[in-house]
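Presented below is the structure to which this report refers.
The values are calculated or read from the model by the stated rules, or taken from the named source; none is laboratory data. Quantities reported herein were computed from a predicted structural model and do not represent experimental measurements. Glycine also receives a Cβ, built like all others from the backbone with ideal geometry; neighbour counts cover every protein chain displayed.
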Protein chains: 2
Amino acid sequence: MSFGIAIGARVRKSPYFDKTIEDGVSAFSVYNHMYMPTSYGDAAAEYDRLINGVAMWDVAVERQVSLKGSDAEKLARYLTPRELGALNIGQGRYVPLCDHRGTLINDPVLLPLSEDECWLSIADSDVMLFARAIAAERGYNVSIHEPDVSPLAIQGPKAVEVVADLFGDWIRGLKYFGYRETTLNGIPLHVARSGWSKQGGYELYLTDGSRGGELWDLVKEAGKPYDIGPGTPNYIERLESGLVSYGADTDDFTNPYEIGLGKFVSLSREDDFIGKKALTQIHADGIKRQFVGYKIEGEPLSAGNQHKLPVKNNESHVGFVSASGWSPRVKSNIGVGLIEAAFSEPGTKVTIQTDTSDGDLTATISKLPFDIA
Amino acid sequence: MSFGIAIGARVRKSPYFDKTIEDGVSAFSVYNHMYMPTSYGDAAAEYDRLINGVAMWDVAVERQVSLKGSDAEKLARYLTPRELGALNIGQGRYVPLCDHRGTLINDPVLLPLSEDECWLSIADSDVMLFARAIAAERGYNVSIHEPDVSPLAIQGPKAVEVVADLFGDWIRGLKYFGYRETTLNGIPLHVARSGWSKQGGYELYLTDGSRGGELWDLVKEAGKPYDIGPGTPNYIERLESGLVSYGADTDDFTNPYEIGLGKFVSLSREDDFIGKKALTQIHADGIKRQFVGYKIEGEPLSAGNQHKLPVKNNESHVGFVSASGWSPRVKSNIGVGLIEAAFSEPGTKVTIQTDTSDGDLTATISKLPFDIA
């Protein structure tokens, strides 16, 4: 199946949009009300670049929600179940967010910028609306808006060389989720050690959208000695690495414990946070489902199931596969998804009902990340 | 420019998804985290069906947010600046929603279902997250979720005949936004007199997603004598009719007064509602921008500007065009968008900076809806 995407002014465009077109983008999705490149037409080359070389990704869809004001930090702490301890400017933190029911509603990175401002670098849901409702109802002194910030990711084992050539060797000393404000040829940005892969890399948080084209060209030029090429958040690598994709892997009842984020929930925190009561109850009741890997038998599957695939034990529905495809490194079909806790032990056999002529396939539960063969 | 859309399990599929493919859908966008058909490849035929005949649209993306519990009505009243008076089961109401800053965050239809439940039939933003935050922080006794409800629109002057043939002549007596729960061949649904066009029509709110294919086929069969065919929310007709498209026409500073929805703001209400203080101030300060029509000179434009187009007076930026194209009925290029109040008077001349080889074009401000020639 192949369909076009409507391009118009309702869905927002990245500052790198025109450049991705010049570089041959072939497909988009929509994420945070913005076009997100998903393919440049050669999945094997894009995967290879990420695993063995270096790729540049337009991830401007990773929008920032700025919390600014004397209660910004107070709001950030109330929004997440994680115990943040001292916040350090220049060091980001992964902060799952829940609603009052204990359901995961986003899993951003928190970037403390100053005493009275931080950003939440979000996945695909309207965190800004949620945070504004909370702040206003609680009378917090904080203004919440989406600043002009558009990340460009440089990912893969050679990313560090490209970024060091651009900014200097200091970037090698950044810790994971560490970042620093700087400029490149006068273009304002933050360099962060981050990105949605386990292959290592950086994200350039451009803070002047009018200069996206310039930044794209500078990165492309600096990457030439390393054979840089365009790419997108990678469908197969994220499965291999067991990264959670909010919205794909989660539903309206997914709590952090189910999805492997229990370690970020601090029920022992003395201060209150959204979902504390519900999460305490969920924890006491025990986990009903768990996020697992599936090793799936059979001929190589084409990447990307169209629907969530039902997982069965005998004839009972016990879970689903949210994403699946052939992994060149695991040398097997693999997938991820939620399954009832009773079936989540690695080694357990289940049946996956594909939505293609592949029919029913046997799968074995695997820990995440997968072992690379 | 023509690009593919990534089809996968992260973005949700409508219960009519497979049927739209059978019927030749050629392009999608994403709306409320769900695929939305935007074209069947023949814009002229789709427009003609809507204006002169009858079309069926998959608008399952028009998701419902159910408010259920003893405080459901209290929450609904607090969420909207509109004075609702008595709510009547079976009669929907258009209820713009604002945040505490007075910015429009959605413009749903409210459907009261019972003493303790109503639905908000929403445009493209996560109203569910916002409503949950409000309800939880205020301690309201209400549960908020997205039910299994997927509207199928039947639009155009002959829609009434198709719907009467399916359900009986009682549907002719429904008032605008009126609805009734019923079944069709055992398929549960609500029939509503509504739809995102001014050509008249109905929406079938299917309440069992597993029966979407059946419903699609029944409507298609019943529509045959009237030459029904597939369509989508229509880009040109909505311009002619001056319908607001939330997200396309609005930004993060758009208040209801600017966008022609001031009549739904009741500052004199005795009870409190979200944004009351901000809207009172905005009203006292006077409107800075206004939603207007543009009659644009020059050769017929291809429908659909890619970006919001800047509107200039001499060299000053004074507004933008959010959507534009050739109208066969106005017999002119037309557009809609926000412009500074000083330039909003019908007849005012401005310059529109297109993003194509059409260059700068002269336009005249027009009232909405446009006069049909």
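Screening the candidates B:45, B:86, B:60 for the property of being aliphatic (A, V, I, L, M) and either within 12 Å of chain A (Cβ to nearest Cβ) or in a helix (DSSP H, G or I) (or both) yields one hit, B:45. Among the residues of region B:76-94, those that are in contact (Cβ under 8 Å) with a residue 60 or more places away in the chain and surrounded by fewer than 21 Cβ atoms within 10 Å (Cβ to Cβ) comprise B:77, B:78, B:83, B:90, B:91, B:93, B:94. Any chance region A:332-340 includes a residue that's farther than 25 Å from residue A:246 by Cβ, more than 23 Å from the chain's Cα centre (by Cα) and crowded, with 19+ Cβ neighbours inside 10 Å? Among the residues of region A:332-340, at least one is farther than 25 Å from residue A:246 by Cβ, more than 23 Å from the chain's Cα centre (by Cα) and crowded, with 19+ Cβ neighbours inside 10 Å, which makes the answer yes. Taken over region A:99-108, residues that are within 12 Å of chain B (Cβ to nearest Cβ), in contact (Cβ under 8 Å) with a residue 40 or more places away in the chain and within 16 Å of the chain's Cα centre (by Cα) amount to 2. Kindly indicate whether any position in region A:311-330 is within 14 Å of another protein chain (Cβ to nearest Cβ) and in a loop (DSSP other than H, G, I, E, B). Looking through region A:311-330, at least one residue is within 14 Å of another protein chain (Cβ to nearest Cβ) and in a loop (DSSP other than H, G, I, E, B).
Evaluated against (1) under 21 Å from the mean Cα position of the chain (by Cα); (2) within 21 Å of residue A:275 (Cα to Cα), residue A:139 falls short on exactly one condition, (1). For region B:290-309, state whether one or more residues are on the phi < 0 side of the Ramachandran plot, within 12 Å of chain A (Cβ to nearest Cβ), touching a residue at least 40 places away in the same chain (Cβ under 8 Å) and assigned to a strand (DSSP E or B). Checked against the condition, which is being on the phi < 0 side of the Ramachandran plot, within 12 Å of chain A (Cβ to nearest Cβ), touching a residue at least 40 places away in the same chain (Cβ under 8 Å) and assigned to a strand (DSSP E or B), region B:290-309 yields at least one hit. When the residues of region A:105-149 are filtered to those that are in a loop (DSSP other than H, G, I, E, B) and aliphatic (A, V, I, L, M), the one that is surrounded by the fewest Cβ atoms within 10 Å (Cβ to Cβ) is A:149. Note on region A:18-36: residues that are within 9 Å of another protein chain (Cβ to nearest Cβ) and either outside any loop (DSSP other than H, G, I, E, B) or in contact with a Gly (Cβ under 6 Å, 6 or more places away or on another chain) (or both) amount to 9. The set of residues from region B:30-54 being surrounded by fewer than 22 Cβ atoms within 10 Å (Cβ to Cβ), in contact (Cβ under 8 Å) with a residue 24 or more places away in the chain and within 21 Å of residue A:26 (Cα to Cα) comprises B:34, B:39, B:40. Going by the conditions given, is residue A:67 more than 29 Å from residue A:229 (Cβ to Cβ), buried (at least 24 other Cβ atoms within 10 Å of the Cβ) and of a type outside the set (D, E, K, R)? In short, yes. Restricting to region B:274-299, name every residue that is more than 23 Å from residue B:332 (Cβ to Cβ) and either surrounded by fewer than 20 Cβ atoms within 10 Å (Cβ to Cβ) or of a type in the set (Asp, Glu) (or both). Answer for region B:274-299, where residues must be more than 23 Å from residue B:332 (Cβ to Cβ) and either surrounded by fewer than 20 Cβ atoms within 10 Å (Cβ to Cβ) or of a type in the set (Asp, Glu) (or both): B:276, B:277, B:278, B:280, B:281, B:283, B:284, B:285, B:286, B:287, B:288.
Inspect region B:162-175 for any residue being assigned by TED's automatic domain parsing to the domain that holds residue B:48 and within 17 Å of residue B:94 (Cβ to Cβ) and give the result as yes or no. Yes. Kindly indicate whether any position in region B:166-176 is buried (at least 22 other Cβ atoms within 10 Å of the Cβ) and part of a loop (DSSP other than H, G, I, E, B). There is no residue in region B:166-176 that is buried (at least 22 other Cβ atoms within 10 Å of the Cβ) and part of a loop (DSSP other than H, G, I, E, B). Checking the structure you have, find out if any residue of region B:267-277 is within 30 Å of residue A:137 (Cβ to Cβ) and part of a helix (DSSP H, G or I). Checked region B:267-277: at least one residue is within 30 Å of residue A:137 (Cβ to Cβ) and part of a helix (DSSP H, G or I). Select, from A:186, A:200, A:209, the only residue that is touching a Gly at 6+ places or on another chain (Cβ under 8 Å) and of a type outside the set (Phe, Trp, Tyr). Being touching a Gly at 6+ places or on another chain (Cβ under 8 Å) and of a type outside the set (Phe, Trp, Tyr) holds for just one of A:186, A:200, A:209, which is A:200.
Scan region B:328-373 residue by residue and report those that are free of Cβ contacts under 8 Å to residues at least 60 places away in the same chain, more than 18 Å from residue A:8 (Cβ to Cβ) and either aliphatic (A, V, I, L, M) or touching an Asp or Glu at 6+ places or on another chain (Cβ under 7 Å) (or both). Selection gives B:339, B:341, B:342, B:350, B:351, B:373.
A single member of A:308, A:349 is over 17 Å from residue A:237 (Cβ atoms), modelled with pLDDT of 95 or more and among the basic types (Lys, Arg), and it is A:349.
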